[in-house]
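Report on the following structure.
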Amino acid sequence: MKIFFYVQHLLGIGHLKRAAALAQALRRGGFEVALASGGFPVQGAEVTCQLPPARAADASFKVLLDEAGRPIDDEWKRRRAALLLDAWRAAHADVLLIELYPFGRRPMRFELAPLLEDARRLRPRPLVICSVRDLIQPKPAREAEALDLVERYFDRVLVHGDASVARFERSFAAAARLGERLAYTGYVVAEAPPAAETARGEVLVSAGGGAVGARLLEAAVRARELSLMKGAPWRVLAGVQAGDGQLAALRQAAPAGVTIERSREDFQALLGGCALSISQAGYNTVAEVLQARVRAVLVPFAGGGESEQTERAQLLAARGVCEVVPEAALTPQALAAAVDRAARAPRPEAGRVDLGGAARTVQLLKKWLS
């Protein structure tokens, strides 16, 4: 069976990372997967079809920029929509899997509307599925539009979360109207490699791709000397999207005992071996933190009116698996205090959150296609 999987990341790299993990699991499950990405390439994320990339100019997502940093125009949209349709038709897929839309990625309607119309006219009709994370950015005024699009085009909605932690209704109030279309999979996370012995005793600080993590990294560098973990080595990963200037400034500010790096391909192995993690609360990082059962401090990104990371962090803190510092309250002192609380706490228990989302997605697709 063939799957055509569309994903568009605009600011961070989390959407592509989760889609790549799902694509890998689906391939292991016997599916042939064409992963089409509309964002900028990311090292380690295997993409079958790279569309001309676009990114958001900032956290407001109001302006999209092309590969040259120019605002996209109608001609660019026509060209990309045509390329996407060509790739879809060439795939002859049994399943059209679309990440986030129609619960987000509204600016990409110029290419998703013709793609969905093309899938609807085909005979036999492919199975059309939305793949969406646990929590989305609530937009009550657009829920009716999203419901209409689901009812018109989509057969299923895969929510990659644990319903016992967060039901989809928390961020999409009309979720009950999705009825039997909606299915929870558990959180999606790539298989964990063996823990890195070199990371034993470390404090690992990360900010996802690094697009919006500067404040956290700067506070962490200054928090070390104020915390109980000041005698431990701290490793700060700025992220693949961090600028050279930001990286240089962090290295200049870092005291002895703090290592500054852009990124590490063995991040999961480092996470599995470290004593404590400090990070934002993006979907993928949180799933990897839960998988590693590491003591953790989450500083959720809240810029541009975003609430998804804050909601996720608070729900997990209520389960006793992390400490939280709201971004608005972030100071080196507040971060050091949270590190101390996390360091004193026991290691989180296994099985507190369902992390079987990749395997469950494979099972559900096989069931629906049988």
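Once the Cα atoms are used to define both axes, helix 244-253 deviates from the longest principal axis of the chain by about 20 degrees.
Report the antiparallel proportion of the DSSP beta bridges in the chain as a percent, rounded to a multiple of 5.
That works out to approximately 5 percent antiparallel.
Can you give the percent of C-alpha pairs in region 1-77 whose distance is more than 19 Å? Above the 19 Å cut-off, region 1-77 has 38 percent of its Cα pairs. Of the residues 92, 64, 53, the one whose Cα sits farthest towards the positive end of the charge dipole of region 53-113 is 64 (charges of +1 on Lys and Arg Cβ, -1 on Asp and Glu Cβ, taken about the Cα centre).
For the chain, what is the calculated [θ] at 222 nm in deg cm²/dmol (nearest 500), taking -39500 (n - 2.57) for each run of four or more DSSP H residues and dividing by its residue count?
Rounded to the nearest 500, the figure is -11000 deg cm²/dmol.
For the set 78, 295, the ranking by accessible area, highest first and with no ligand, DNA or RNA atoms included, is 78, 295 under a 1.4 Å probe. Computed from phi, the 3J(HN,Hα) profile of region 297-307 under the Karplus parametrisation 6.51, -1.76, 1.60 (θ = phi - 60°) reads 10, 10, 10, x, 5, 10, x, x, x, 5, 10 Hz, with x in place of Gly and Pro.
About its Cα centre, the dipole of region 213-370 is roughly 440 debye, where the only charges are +1 on Lys and Arg Cβ and -1 on Asp and Glu Cβ.
Couplings 3J(HN,Hα) of region 33-40, computed from phi: 10, 9, 9, 9, 10, x, x, 6 Hz, in residue order, whole Hz [Karplus 6.51 cos²θ - 1.76 cosθ + 1.60, θ = phi - 60°; x for Gly and Pro].
When only Cα pairs below 8 angstrom with a gap of at least 6 residues are kept, region 133-206 shows a relative contact order of 36 percent. Computed over region 171-224, the P(r) tail beyond 15 angstrom holds 73 percent of alpha carbon pairs. Each Lys or Arg adds one and each Asp or Glu subtracts one; over the other residues with Cβ under 11 Å from the Cβ of residue 269, this totals -3.
Principal semi-axes of the equivalent ellipsoid, √(5λ) from the alpha carbon gyration tensor of region 240-363, are 24, 18, 17 Å from largest down. Restricted to Cα atoms, the chain shows a radius of gyration and a Dmax of 20.6, 65 angstrom. Summing Cβ point charges (Lys, Arg +1; Asp, Glu -1) relative to the Cα centre of the chain gives a dipole of roughly 480 debye.
When the solvent-accessible area of region 235-364 is split by element, carbon and sulfur atoms take up 49 percent of it, the probe being 1.4 Å.
On region 12-95, 51 percent of the accessible area sits on carbon and sulfur atoms, based on a 1.4 Å probe.
With q set to 0.16, 0.18, 0.19 Å⁻¹, the log10 of I(q)/I(0) for region 114-228, from the Debye formula over equal scatterers at the Cα positions, is -0.93, -1.02, -1.07. Near residue 161, the amide H atoms lying under 5 Å from its own belong to 185, 186; only residues 5 or more places off or on other chains count, and H is placed 1.01 Å from N.
When the Cα atoms of region 319-361 are aligned to their principal axes, the ranges along those axes come out at 41, 24, 13 Å in descending order. With 30 Å as the limit, write out which pairs from 17/77; 17/139; 139/366; 139/367; 77/139; 17/367 have Cα-Cα distances beyond it, or answer none. Exceeds cut-off: 139/366; 139/367. Backbone geometry of region 259-268 corresponds, through the Karplus equation with coefficients 6.51, -1.76 and 1.60 at θ = phi - 60°, to 3J(HN,Hα) couplings of 9, 10, 9, 6, 6, 9, 5, 9, 4, 4 Hz, x marking Gly and Pro. Along its first, second and third principal axes, ordered by size, region 46-200 spans 49, 45, 34 Å in Cα coordinates.
Roughly how many percent of the accessible protein surface of region 116-231 is carbon and sulfur, given a 1.4 Å probe and a whole-percent answer? The C+S portion of the solvent-accessible surface of region 116-231 is 49 percent.
For region 227-358, the solvent-accessible area of protein heavy atoms averages 40 Å² per residue (probe radius 1.4 Å; ligands and nucleic acids excluded). Considering only alpha-carbon pairs that sit under 8 angstrom and 6 or more positions apart, the relative contact order computed for the chain is 15 percent.
The values are calculated or read from the model by the stated rules, or taken from the named source; none is laboratory data. Nothing here was measured: the structure is a model prediction, and the numbers come from that model. Backbone-built Cβ (ideal geometry, glycine too); neighbour counts: all protein chains shown. For the accessible areas, the whole protein counts, side chains as well, though only heavy atoms, and no ligand, DNA or RNA atoms are used. Shrake-Rupley method; radii C 1.70, N 1.55, O 1.52, S 1.80 Å.
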